[in-house]
Amino acid sequence: MVDKVLLMEMIPNLIQLLQLPIIKDSRGNLTFIENNKHIPFEIKRIYYLYDVPGGAERGGHAHRELKQFIIAVSGSFDVVVYDGKFRQRFHLNRSYFGLYLPNMVWRELDNFSSGSVCLVLASELYDEKDYIRDITLFEKEVGQKL
Ligand code: TYD
């Protein structure tokens, strides 16, 4: 039932905070993610940020094609997203929430808590050519699409 609700809410071109399934258990909770079911893409790569020093900032770029799903599997941090028009800050602090970012979204990650782990599921293999690391270029490219 929960899965059906999630599927209906999953819109591939929209930045979305999605709640993942939780199997509650006195021995510890469990959350799972399946390709194309809980997130709107095939997972080709997984990476994670950890040992992030206090005050550090990550991200500061957009992707031309790559889609991502970002989870605070431990601790918390903020993701600031910018689509060329609007900027919004998301505070991620639960292992069962994930932020879906379609392509052509500028993102900055900051406010990492001590010991936090940022898990990222990605729709493509690593390709530096897919990155836009200059915000002026991003605004130009996204402006042509808006
Ligand atoms: P980058 O994506 O800029 O980090 P973040 O957005 O988290 O701040 O990547 C940092 C460096 O790591 C950069 O030199 C590319 C390299 N890298 C890989 O080699 N493979 C990967 O899958 C990722 C995500 C980064």
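Which residues, counting only those in the range 106-146, are closer than 11 Å to R64 by Cβ and touching a helix residue (DSSP H, G or I) at 6+ places or on another chain (Cβ under 9 Å)?
Looking only at the range 106-146, we keep the residues that are closer than 11 Å to R64 by Cβ, and these are 124, 127, 129-132, 137-138, 141-142, 145.
Those that are closer than 11 Å to R64 by Cβ and touching a helix residue (DSSP H, G or I) at 6+ places or on another chain (Cβ under 9 Å): E124, I132.
Just to be sure I understand, how many residues within the range 113-146 are over 15 Å from R45 (Cβ atoms) and within 11 Å of the ligand (Cβ to nearest atom)?
The number of residues fulfilling the criteria is 1.
Exactly one condition in (1) surrounded by fewer than 16 Cβ atoms within 10 Å (Cβ to Cβ); (2) in a loop (DSSP other than H, G, I, E, B) is not met by S95; state its number.
(1)
Taken together, the values in this text are just the output of simple stated rules run on the coordinates, not laboratory data. Keep in mind that this is a model prediction, so the values were computed, not measured. Counting neighbours? That spans all protein chains shown, and the Cβs are built from the backbone with ideal geometry, glycine included.
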